[in-house]
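Structure first, commentary second.
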Amino acid sequence: MSDRCDLVVVGAGFAGLACARAAAHRGLKTTVLDRKPQAGVQMHTTGIIVKELADEWDVPPRLTHKVHGVRLYSPSGRFIDLHRPGYYFLATNLCALMQWWTLRAKMIDVDVRFGNPLRNARWTDGQWRLNDADLAAPFLVGADGARSTVARLCGLQSNHRLLVGMEAEFENVRGVDRDLLHVFIDPALAPGYIAWVVPGVPYTQVGLAARHGTRLQFNAFLQRVSGMFDFDRARQVERRGGYIPVNGPLRRIGDRRCLLIGDAAGLVSPLTAGGIHTAVHFGRYAGVAICDYLMDDGPAPVRALVPRLPRYRLKKLFRVAYDMDMPNGVYDRVIGSRLVRAAAQAVFFHNRGLLSWVTWRDIARRWADAC
Ligand SMILES: Cc1cc2nc3c(=O)[nH]c(=O)nc-3n(C[C@H](O)[C@H](O)[C@H](O)COP(=O)(O)OP(=O)(O)OC[C@H]3O[C@@H](n4cnc5c(N)ncnc54)[C@H](O)[C@@H]3O)c2cc1C
């Protein structure tokens, strides 16, 4: 005899827990399955939270560190500093953040089961039967990351354009300005994306990501930053890595029985590769839509969700330009130009979307100011 619930969410990450919390809060009996042994381990992300999410998500301040600007480096080491008054990013203690987020779900009776990989799901008699977990439920959510098992088992679309990222955390790194995200453009080291040094909590995070299929030059990058910051007494405490979908939102992300959210649905900016904001924001919205559907005869959740999703049309175009891997010399030449400064400012500080008129008004203003 299997356990029955209203909703099974696969993945206790940002999207899965946001969805489960919203659903449980509205009265659905909700179970979350995750293959990890426990909360806050085997993380794959840097965990930077943009201000837009910080405003709507009450993360305890002891788990975060405010960073007010970005220092953008060209391959030869020239740099520009970018700020926007009133704006900040939150670097996070990721392990503690996910433990806190899991606890918040458990506190409203979400049944979170770690050490439970989903391997098998079958739809019979109006229910999903998840044999491995001995569970049955009428609705299934795939919040299981960039390479979603739920997408495959439910015949939904899978991500087809990926970056692969790697990061190490170090203690005792000195000389890193803690009020800046240090971002490195260098197609020779990170083709198709960037590398970074982040003043995290409590460690300094050093990482890079590149197009799937290219070799990650992590050691070469580490050597480069060892010459810029003081790594003499540094000790590596963790290494992590994972995939980032940059195809933009997928088209087939659900039907009347199931829904993909977060990375599984491709909800990551193709340009900045940030996905935590959309994972939490739309994960929560999906939980509400599933309740409306199961409890109040509302529309299928996929129909409620899709019209709200960002399309990232211009960001996808910019990604094509990114993928051209211009020679390092080009970046060295243009990094100080007013246009590049204005565009970089828009990319890092405008989550309203590059097609929004506010973004372009700001670019024009900065351009005019600089002239
Ligand atoms: C190196 C790197 C750095 C990044 N840095 C940032 C950043 O600083 N800021 C930002 O906004 N975004 C960043 N991203 C992207 C961000 O991490 C993702 O967009 C975000 O984690 C998506 O959340 P999610 O809940 O959809 O998926 P995930 O966080 O991937 O969670 C998926 C969960 O599903 C579980 N799971 C997977 N398969 C199964 C299965 N078969 N059965 C059970 N459980 C399963 C996993 O264990 C995991 O817990 C980064 C990504 C990488 C790879």
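For region 14-36, enumerate the residues that are within 10 Å of the ligand (Cβ to nearest atom) and farther than 19 Å from LEU305 by Cα.
To start, the set of residues in region 14-36 that are within 10 Å of the ligand (Cβ to nearest atom) comprises 14-19, 32-36.
Those that are within 10 Å of the ligand (Cβ to nearest atom) and farther than 19 Å from LEU305 by Cα: VAL32, LEU33, ASP34, ARG35, LYS36.
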Qualifying residue in region 148-159 (condition: in contact with a strand residue (DSSP E or B) (Cβ under 9 Å, 6 or more places away or on another chain), assigned to a strand (DSSP E or B) and of a type outside the set (Lys, Arg)): no
Qualifying residue in region 139-146 (condition: under 21 Å from the mean Cα position of the chain (by Cα), within 11 Å of the ligand (Cβ to nearest atom) and within 22 Å of LYS316 (Cα to Cα)): yes
Qualifying residue in region 121-139 (condition: in contact with a Cys (Cβ under 8 Å, 6 or more places away or on another chain) and among the acidic types (Asp, Glu)): no
Tally of residues being touching a residue at least 60 places away in the same chain (Cβ under 8 Å), among the charged types (D, E, K, R) and within 10 Å of the ligand (Cβ to nearest atom) across region 112-138: 1
Residue under evaluation ILE80, criteria (1) in contact (Cβ under 8 Å) with a residue 40 or more places away in the chain; (2) away from the ligand (no atom under 11 Å from the Cβ); (3) over 21 Å from the mean Cα position of the chain (by Cα); (4) surrounded by fewer than 16 Cβ atoms within 10 Å (Cβ to Cβ), criterion not met: (4)
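Only one residue in VAL59, VAL70, VAL41 is in the same structural domain as ASP179 (by TED's automatic domain parsing), outside any helix (DSSP H, G or I) and within 16 Å of the ligand (Cβ to nearest atom). Which one? Walk me through how you get there before you give the answer.
On the way: VAL59 fails: in the same structural domain as ASP179 (by TED's automatic domain parsing); VAL41 fails: in the same structural domain as ASP179 (by TED's automatic domain parsing).
When all the criteria are applied, what remains is VAL70.
For region 210-256, give me the residue count where each residue is of a type in the set (Asp, Glu) and assigned by TED's automatic domain parsing to the domain that holds CYS154.
Matching residues across region 210-256 total 1.
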Some residue of region 294-301 being under 20 Å from LEU17 (Cα atoms) and acidic (Asp, Glu): no
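Got at least one residue in region 225-241 being within 9 Å of the ligand (Cβ to nearest atom) and in contact (Cβ under 8 Å) with a residue 24 or more places away in the chain? Can you show your working first?
Step one: filter region 225-241 for residues within 9 Å of the ligand (Cβ to nearest atom), giving 240-241.
Still in the list and also in contact (Cβ under 8 Å) with a residue 24 or more places away in the chain: 240-241.
Yes, some residue in region 225-241 is within 9 Å of the ligand (Cβ to nearest atom) and in contact (Cβ under 8 Å) with a residue 24 or more places away in the chain.
Take region 28-49 and flag every residue that is out of contact with any strand residue (DSSP E or B) (no Cβ under 6 Å at 6 or more places or on another chain) and crowded, with 20+ Cβ neighbours inside 10 Å. Outline the logic, then answer.
Applying the first criterion (out of contact with any strand residue (DSSP E or B) (no Cβ under 6 Å at 6 or more places or on another chain)) to region 28-49 yields 29, 34-42, 45.
Once the filter is applied, which keeps residues that are out of contact with any strand residue (DSSP E or B) (no Cβ under 6 Å at 6 or more places or on another chain) and crowded, with 20+ Cβ neighbours inside 10 Å, region 28-49 yields ASP34, ALA39, THR45.
May I ask you to verify whether ALA321 is outside the structural domain of PRO187 (by TED's automatic domain parsing), of a type in the set (A, V, I, L, M, F, W, C) and touching a residue at least 24 places away in the same chain (Cβ under 8 Å)?
Numbers: outside the structural domain of PRO187 (by TED's automatic domain parsing): yes; of a type in the set (A, V, I, L, M, F, W, C): yes; touching a residue at least 24 places away in the same chain (Cβ under 8 Å): no.
When the stated conditions are applied, ALA321 does not pass them.
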Selection count where residues are crowded, with 20+ Cβ neighbours inside 10 Å and in a loop (DSSP other than H, G, I, E, B), scope region 117-137: 3
Qualifying residue in region 324-335 (condition: in contact (Cβ under 8 Å) with a residue 60 or more places away in the chain and either more than 19 Å from ALA190 (Cα to Cα) or under 22 Å from the mean Cα position of the chain (by Cα) (or both)): no
Residues within region 73-115 that are of a type outside the set (S, T, N, Q) and assigned to a strand (DSSP E or B), tallied: 12
Restricting region 161-189 to residues that are closer than 18 Å to VAL70 by Cα and part of a loop (DSSP other than H, G, I, E, B), the residue that is nearest to the chain's Cα centre (by Cα): ILE185
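Output the residue which, of all residues in region 147-175 that are among the β-branched types (Val, Ile, Thr) and within 16 Å of the ligand (Cβ to nearest atom), is surrounded by the most Cβ atoms within 10 Å (Cβ to Cβ). Working first, answer last.
The initial filter retains those residues of region 147-175 that are among the β-branched types (Val, Ile, Thr), namely 149-150, 164, 173.
Narrowing the set further to residues that are within 16 Å of the ligand (Cβ to nearest atom) leaves 149-150, 164.
Numbers: THR149: 20, VAL150: 26, VAL164: 20.
Applying the filter and picking the extreme gives VAL150.
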Among residues of region 256-273, those that are at pLDDT 95 or above and surrounded by 22 or more Cβ atoms within 10 Å (Cβ to Cβ), counted: 11
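So if I check each of ILE276, ILE290, which one is surrounded by 19 or more Cβ atoms within 10 Å (Cβ to Cβ) and within 12 Å of the ligand (Cβ to nearest atom)?
Working: ILE290 fails: within 12 Å of the ligand (Cβ to nearest atom).
The match here is ILE276.
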Given (1) within 11 Å of the ligand (Cβ to nearest atom); (2) touching a strand residue (DSSP E or B) at 6+ places or on another chain (Cβ under 9 Å); (3) not assigned by TED's automatic domain parsing to the domain that holds VAL141, index of the condition GLU52 fails: (2)
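The values are calculated or read from the model by the stated rules, or taken from the named source; none is laboratory data. Keep in mind it's a predicted model, so treat the numbers as computed, not measured. Positions of Cβ are backbone-derived with ideal geometry, glycine not excepted, and every protein chain shown enters the neighbour counts.
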